[in-house]
Amino acid sequence: MVVTPKQIPVRHNGKRFAPGEPFEIDRKGYERIASHLDILDEDDEQEVADPALEALRERGKELGIRGWHSMGPEKLAAAVAEKEAELAAQGTPGGDDPAAQGGAGDGDQ
């Protein structure tokens, strides 16, 4: 998110920011000094808890999609859809039960 100090300078990541000087900060950092900041742009959808995105990430993990944890929502949704279509074509249950896939996914964390 992009914020600016309200009335007094603030320090963030070893740098001093004067009132009116915008800088980027994550949600956790913001919460520590929120009373001293004004939000200019709250476009940090990756950090805000999104149940749909969390479910998509969980599905990516279940399906054994490599790199699921670092994919953006669009890329992950495409990868999940592709993997599910592949499994449907093979007649495989779809990753919900690792034992049904010959133990795939066990110990791969």
Legend entry - Other-chain or far-sequence residues with amide H under 5 Å of H12's (modelled H): F17
Inset, instruction - Take every Cα pair under 8 Å in the stretch 2-41 that's 6+ residues apart, average their separations, divide by the length, and report that relative contact order as a whole percent. - result: 53 percent
Inset, instruction - Could you work out how far apart the two model spin labels at H36 and K6 are, taking each label as a point 7 Å from the Cα in the direction of the beta carbon, and quote it in nm? - result: 1.2 nm
Legend entry - Electrostatic dipole magnitude of the stretch 2-41 [Cβ: Lys, Arg +1; Asp, Glu -1; Cα centre; debye, to 20]: 220 debye
Inset, instruction - Mind checking which lysines have their Cα closer than 25 Å to the Cα of K6? Skip sequence neighbours fewer than 8 apart in that chain. - result: K15, K28
Inset, instruction - Let me know the charge dipole size of the stretch 51-96 about its Cα centre in debye, to the nearest 20, where only the beta-carbon of Lys, Arg (+1) and Asp, Glu (-1) is charged. - result: 160 debye
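None of the figures in this text is laboratory data; all of them are computed from the coordinates on show. On a predicted model such as this, the values are computed, not experimentally measured, just so you know. No Cβ is skipped: glycine too gets one built from the backbone with ideal geometry, and neighbour counts run over all protein chains shown.
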